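Data block below; observations after.
The values are calculated or read from the model by the stated rules, or taken from the named source; none is laboratory data. For clarity, every value in this text was computed on a predicted model and none was experimentally measured. We place every Cβ from the backbone using ideal geometry, glycine too, and count neighbours over all the protein chains shown. In case anyone asks, the SASA skips ligands and DNA or RNA and just uses the protein heavy atoms, side chains included. Shrake-Rupley method; radii C 1.70, N 1.55, O 1.52, S 1.80 Å.
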Amino acid sequence: MNKNKFKIAVYAISKNEEKFVDRWYESIKDADEIVVLDSGSSDNTVTKLKQKNVKVYEKKIEPWRFDAARNESLKLVSEDIDICICLDLDEIMEKDWYEKIQNIWKEDTTRLLYVYNWHFDEQGNPDVTFYSEKIHSRKGYKWINPVHEILECKNENKIVTDEIIINHYPDQTKSRSSYLPLLELAVKEDPNNDRNMHYLGREYMYYKEYNKAIDTLIKHLNLKSSTWKDERSASMRFIARCYQGLKRYDEVRLWLDKAINETPYLRDPLVERAIFEYTQNNWKEVEYYCLKALNITKREKSYINEIFSWDYTIYDLLSLSYYNQNEKYLALKYIDKALEMNKDDKRLITNKIIFEKM
């Protein structure tokens, strides 16, 4: 008999994940149940999972969409489970998670928001962190959206904790070619969904379809449901990137200024403006926006955060700005700060040698 108050299951979808199986399983082997829906692996994923006594079911989802696959995997979880954890095979849970959830979860809890380290720097330190919410009760939830899928529930009671941490170590070789058509489908299915509209605009930007991206991101900004300032600011920054790709530099500054005004508490638009001014050799402007960014010391737990806003980039830009303004001591001061955060970078090391010879 389970001595713990709640029964916890981990469920996942998989396809060609054999290199992650051992690490993933070791992090969640304490679960009361582990189930995986495999959507057509051609490697040893299924074999390796079965060797660990994971309940594996094989089913192709046609046409492919992530919400359908996740709903099929959720159906595999036993009815007597209390708490479900949707954990992809490229993710791992930090130790003692089982006991911590038992202590945190209450009888009326339906969802647990936890710390999600989405990206790590070369030293293994998390540099993109936000709260994620894929720990939920067994009943009342379903996945929606063909891609960038989320859990939907009519009545929720959420708890937020910093005690549960999940780390993401993705397979960078996997294609994301399905994302664009699935996002187009998502917007077609629900044209008033601000989140999907934002993601679609961003995807067009990734594909350098700049005019489509601009039109889509402006649609996002004009939606009544588009009220989250962080995401609105990101859409404005992405519009600026598109105009930079089109070499329409006045519009770049216009949209970055909009982003700065939208979220004066975020570094991201300020640093992005500094990066742009760097490309234009406007060194005084680089200095101005970098110093303004450094005045912001609180890092929001949001997926909107850009890595370049919190790594060595600001100090690197300041060192180059001061070098080009013939301010030797300030150039050296900031190149040293950049090297503290990225000590093995050959370009930074070379720059310091150059600065010392000023």
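Annotations for the structure displayed:
- Computed from the alpha carbon positions, the gyration tensor of the chain leads to an equivalent ellipsoid with semi-axes of 41, 25, 19 Å, biggest first.
- Efficiency of FRET from Cβ geometry, residue 328 and residue 303, R₀ 41 Å, rounded to 0.05: 0.55
- Exposure of residue 311 as accessible area (Å², to 10), given a probe of 1.4 Å and all protein chains: 40 Å²
- Placing pseudo-labels 7 Å out from each Cα toward the beta carbon at residue 59 and residue 22 gives an inter-label distance of 3.1 nm.
- Per the Debye calculation on region 198-339 with a single equal scatterer at every Cα and no solvent contribution, log₁₀ I(q)/I(0) for q = 0.14 Å⁻¹ amounts to -0.65.
- Convex hull projection area averaged over all views, region 37-90, Cα basis, nm²: 4.3 nm²
- Simple spin-label estimate for residue 282 and residue 160 gives 3.6 nm between the two label positions (7 Å along the Cα-to-Cβ direction from each Cα).
- The P(r) of region 151-227 has a tail past 15 Å containing 67 percent of all C-alpha pairs.
- One chain, two ends: residue 152 and residue 208. Fully extended at 0.36 nm per residue, the span grows by 17.0 nm beyond their Cα-Cα distance.
- Whether region 127-178 is rounded, prolate or oblate, judged on the alpha carbon gyration tensor where a/c under 1.5 counts as rounded: oblate
- Rg/Rh (Cα only; Kirkwood hydrodynamic radius) as it applies to region 48-182: 0.96
- Stretchable slack from residue 51 to residue 346, in nm (0.36 nm times residue separation minus alpha-carbon distance): 101.7 nm
- Distance violations [Cα-Cα > 22 Å] among 60/142; 247/352; 229/337; 48/139: 247/352; 229/337; 48/139
- Of the trypsin sites (Lys or Arg not before Pro) found in region 184-214, those in coil by DSSP whose Cβ has at most 16 other Cβ atoms within 10 Å are 208.
- Checking every one of the trypsin sites (Lys or Arg not before Pro) in region 232-277 against DSSP loop status and a limit of 16 other Cβ atoms within 10 Å picks out 247, 248.
- Max mean-square fluctuation residue, GNM over the chain, Cα-Cα springs under 10 Å, options 75, 50, 154: 154
- Electrostatic bookkeeping for residue 22 treats Lys and Arg as +1 and Asp and Glu as -1; over the other residues with beta carbon under 10 Å from its beta carbon, the sum is +2.
- With both residues required to sit in the chain, DSSP beta bridges show an antiparallel share near 45%.
- Reciprocal mean inverse distance between Cα atoms of region 217-289 - Kirkwood radius, Å: 12.3 Å
- Value at 222 nm in deg cm²/dmol, rounded to 500, when DSSP H runs of n ≥ 4 in the chain each add -39,500 (n - 2.57): -14000 deg cm²/dmol
- Each part reduced to its alpha carbon centroid, region 207-280 and region 1-71 end up 39 Å apart.
- Helix 179-189 axis versus longest C-alpha principal axis of the chain: approximately 70°, rounded to the nearest ten.
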